[in-house]
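*Asks:* This structure is in structure tokens; I'll ask about it shortly.
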Amino acid sequence: MTENSHQLPSEPPPAYGAVEGGSFPQPGQLAPPPITEPPPRYEAPKDGPYAPQPPPQQFQPQPYPQQVYPTAPQPPGTTVIRITNPRFGANPTLIKCPHCQSDCLTTVSYTSGCLTWVTSAFLCFIGAWVFGGCLIPFCLPGLMDVEHKCSNCGRHVGTYNRV
Ligand SMILES: [Zn+2]
């Protein structure tokens, strides 16, 4: 009986799981603080040759809706204005007479106009009135207005003013 008592270990073998597990915090050693900071984000080097460049903003053309402008005819409300009396010049002009409704060339006649009087006044101002030079503009067709008359009926159809 005594042998058995000697052979038997005085103390029970320590539980390996309890000792090696280390589940119990040792005195004086604090448990690691919980990680509160987020992991550092990976920042690519700005100047690195292999820095991932942001994808270029490729302008993708929007599919424009093809607006087909119909070449519809003019609405019936529009009126076509026909210039029966063209702008008169210094030369005879082919017109359609508004009086006799005939197509003919106009006959021109020169009358004193604004430019004629202004030129005459200018000549008088510089002293040309002594020799009657102020009357010269009234003899120059290039300084006079042009009246257009119908060659068919002889009625006045328009005037070309120099100024
Ligand atoms: Zn006429």
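Please treat every number below as a calculation from the coordinates, not as lab data. Because the structure is predicted, anything quoted here is derived from the model rather than measured. With ideal geometry, Cβ positions are generated from the backbone for all residues, glycine too; neighbour counts draw on all protein chains shown.
*Asks:* At 7 Å along Cα-to-Cβ for each site, give me the label-to-label distance between TRP117 and LYS96 in nm.
*Replies:* About 3.6 nm separates the two model spin labels.
*Asks:* So what's the net charge close to THR159: Lys and Arg +1, Asp and Glu -1, counting the other residues with Cβ under 12 Å from its Cβ?
*Replies:* Cβ neighbours under 12 Å give a net charge of +1.
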